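Structure first, commentary second.
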Amino acid sequence: MSTIRTAVLEHIGDSNFRTATGTGRTIDFGAVEAGALSPVETVLAALGACTAMDVISIAGKKRQAIVDYRIHVRGDQRDEYPQVYTDIEVVHEVTGTDISEAAIRRSIELSATKYCPVSAMLSAGATVVHHRYRIHSTGASQYEAEGEVIATGPYARPDVVAGTS
C-alpha cells in the first residue's frame with residue numbers, strides 16, 4: 001500500500017508559482033533574488049521539520065524533559081547543474097532537565113535511519129546527511145555534550161529505491 005501526495009503549481013508571473021497541495025495548503029515559490037521562497041531551501045526546512053517531529057516524539061516517549069529544542073540545518077549545494085546538495089548537516093540542539101545523552105542519540109538515530117522519509121530520500125541520492133546533536137542539560141546532573149550520531153547516504157538507502165527501474 002502507498003500514499004499518494006499531490007501538488008498543482010500555477011504560474012503567477014515571472015519565476016513565481018503558487019502551489020496548491022492535495023491537503024489544501026498553499027505555498028508560493030519564486031526567485032530568491034526577488035525575496036521569494038526557494039524550492040531548494042524548502043528541502044532543508046522539510047528535512048529539519050521531518051526529523052524534529054520524529055525526535056521530539058521519540059524523546060517524549062523516553063521521558064526526556066525537553067524545555068527548548070532547535071534544529072539547525074545547513075546544506076552545501078554544488079555549483080554545477082543540477083545543483084544538488086552534496087552535504088547536509090542537521091544539528092539537534094536540545095535543552096532540558098536531566099537529559100539523557102543516550103536517549104537523544106537514539107531518538108536521532110531512529111529518525112535518521114527509520115522514520116524520516118525526507119532523510120531517507122536524500123540519503124538514497126547523492127547527498128551525505130550528518131545527524132548531530134548539542135545537549136544543554138540542567139538540573140541535578142548539569143552537563144553539555146555534542147557529537148555526531150550517524151552520517152547517512154550517499155546512495156545508502158537501497159530499501160528506498162528498490163523496485164524502481
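Some points to look at:
- Other residues lying with their Cβ under 13 Å from the Cβ of Glu109 contribute a combined charge of +2, Lys and Arg counting +1, Asp and Glu -1.
- Compactness of segment 108-158 as Cα Rg over 2.2 N^0.38 Å, two decimals: 1.41
- Computed over the chain with a Gaussian network model linking Cα atoms closer than 10 Å, the most mobile of Ala52, Ala120, Ala65 is Ala65.
- DSSP bridge analysis restricted to the chain gives an antiparallel fraction near 70%, rounded to the nearest 5.
- Neighbourhood charge, 14 Å Cβ-Cβ cut-off, centred on Ser141 and excluding it, Lys, Arg +1 and Asp, Glu -1: -3
- Taking the chain and dividing mean pair separation by its residue count, relative contact order in percent (alpha carbons under 8 Å, at least six apart): 16
- Calculated [θ] (222 nm, deg cm²/dmol) that DSSP helices of n ≥ 4 give over the chain, each run adding -39,500 (n - 2.57): -8500 deg cm²/dmol
- Amide hydrogen neighbours beyond the local backbone of Val84, cut-off 5 Å, H modeled: Arg78
- Alpha carbon centroid spacing (whole Å) that separates segment 72-89 from segment 101-119: 21
- Backbone amide hydrogens, once placed in the peptide plane, bring Leu37 within less than 5 Å of Gly30, excluding anything fewer than 5 places away on its chain.
- Globularity index of segment 39-161, i.e. its alpha-carbon radius of gyration over 2.2 N^0.38 Å: 1.08
- Magnitude of the charge dipole, the chain, Cβ model with Lys/Arg +1 and Asp/Glu -1, debye to 20: 720
- Applied to segment 118-128, the Karplus parametrisation 6.51 cos²θ - 1.76 cosθ + 1.60 on θ = phi - 60° returns per-residue 3J(HN,Hα) values of 5, 4, 4, 5, 5, 5, 6, x, 7, 9, 9 Hz, with x for Gly and Pro.
Each reported figure results from applying straightforward, stated rules to the coordinates on display, with no laboratory input. Everything quoted here is computed from the prediction, not taken from an experiment. With ideal geometry, Cβ positions are generated from the backbone for all residues, glycine too; neighbour counts draw on all protein chains shown.
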